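The values are calculated or read from the model by the stated rules, or taken from the named source; none is laboratory data. Keep in mind it's a predicted model, so treat the numbers as computed, not measured. Cβ atoms come from the backbone with ideal geometry, glycine included; neighbour counts cover every protein chain shown. The area values use the complete protein model at the heavy-atom level, side chains included, leaving out ligands, DNA and RNA. Shrake-Rupley method; radii C 1.70, N 1.55, O 1.52, S 1.80 Å.
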Amino acid sequence: MTRSGARQNAYTTDDYTNFHATFPAADLETVLALEADRFKNLSYSVEDFRTEAQAILGEYNKSSANPLAKLFEVQRDHAFKEHTYKHTTMGFLTDIEEMPNQFEYSRTFFDRWYRPEHTTILLVGEVDPKRTVEMVERAWGGW
């Protein structure tokens, strides 16, 4: 993505993950192909997974230094018994500390949720709608 000149980022909420990119319209076909590949063929090693899990621990430690973030976590833990909102998006510290050992679960989670029926593609900018739909169908249609 970076080599194509795109700026990209992502964030996760309680209800969705948003991958977003900003790039020149001329690179639309390339970016669509790259994003489709991420969803259809994602592959990562155990080592890479563990490295990212440690990064999440760092994010948790950084945000938990904010007393309001800690209050929010405790409040949700007490407010919800069964609902998934019991956990913050990042999870509890015990979840995050265990995360490096959850490689297999990460694959199960990806296979369960990163699926066509849970995916929306939103394109904004100076694009030709008919040609854009054709590009999306080429990149994502087989998925």
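Calculate the FRET efficiency for Asp48 and Lys130 from the Cβ-Cβ distance with a Förster distance of 35 Å, rounded to the nearest 0.05.
Details: r = 39 Å, r/R0 = 1.12.
Here the calculated transfer efficiency is 0.35.
Which of the peptides 126-135, 19-28 is most tightly packed, and how do the rest follow, going by the mean number of other Cβ atoms within 10 Å of each residue?
Working: 126-135: 11.8, 19-28: 13.6.
Per-residue mean Cβ counts within 10 Å order the peptides as 19-28, 126-135.
Taking 7 Å steps out from each Cα toward its Cβ at His87 and His118 produces label points 1.2 nm apart. For the stretch 14-131, the solvent-accessible area works out to 73 Å² per residue, with a probe of 1.4 Å and every protein chain left in place.
Tell me the Kirkwood hydrodynamic radius of the stretch 1-61 in angstroms, computed as one over the mean inverse distance between distinct C-alpha pairs.
Details: mean 1/r = 0.0736 Å⁻¹.
When all Cα pairs of the stretch 1-61 are included, the Kirkwood radius is 13.6 Å.
Label-point separation (nm) for Thr2 and Asn61, each offset 7 Å from Cα along Cα-to-Cβ? With each label point 7 Å from Cα toward Cβ, the separation is 2.4 nm. Relative protection proxy for 112-122, 57-67, from highest mean packing down: 57-67, 112-122 (other beta-carbon atoms within 10 angstrom).
Using only the C-alpha atoms of the stretch 62-143, find the volume of their convex hull and express it per residue in Å³.
Details: hull volume 14.5 nm³, N = 82.
Dividing the Cα hull volume of the stretch 62-143 by its residues yields 177 Å³.
Before rounding to the nearest 500, sum -39500 (n - 2.57) across all DSSP H runs of length at least 4 in the chain and divide by the residue total; then give [θ] at 222 nm in deg cm²/dmol.
Working: 6 runs with 75 residues, N = 143.
When only DSSP H runs of four or more count, the value is -16500 deg cm²/dmol.
Its alpha carbons give the chain an Rg and a Dmax of 18.1, 51 Å. With R₀ fixed at 25 Å, the C-beta to C-beta distance from Thr12 to Ala33 puts the FRET efficiency at about 0.55.
The stretch 80-124 gives an Rg/Rh value of 1.08, both radii derived from C-alpha positions and Rh following Kirkwood.
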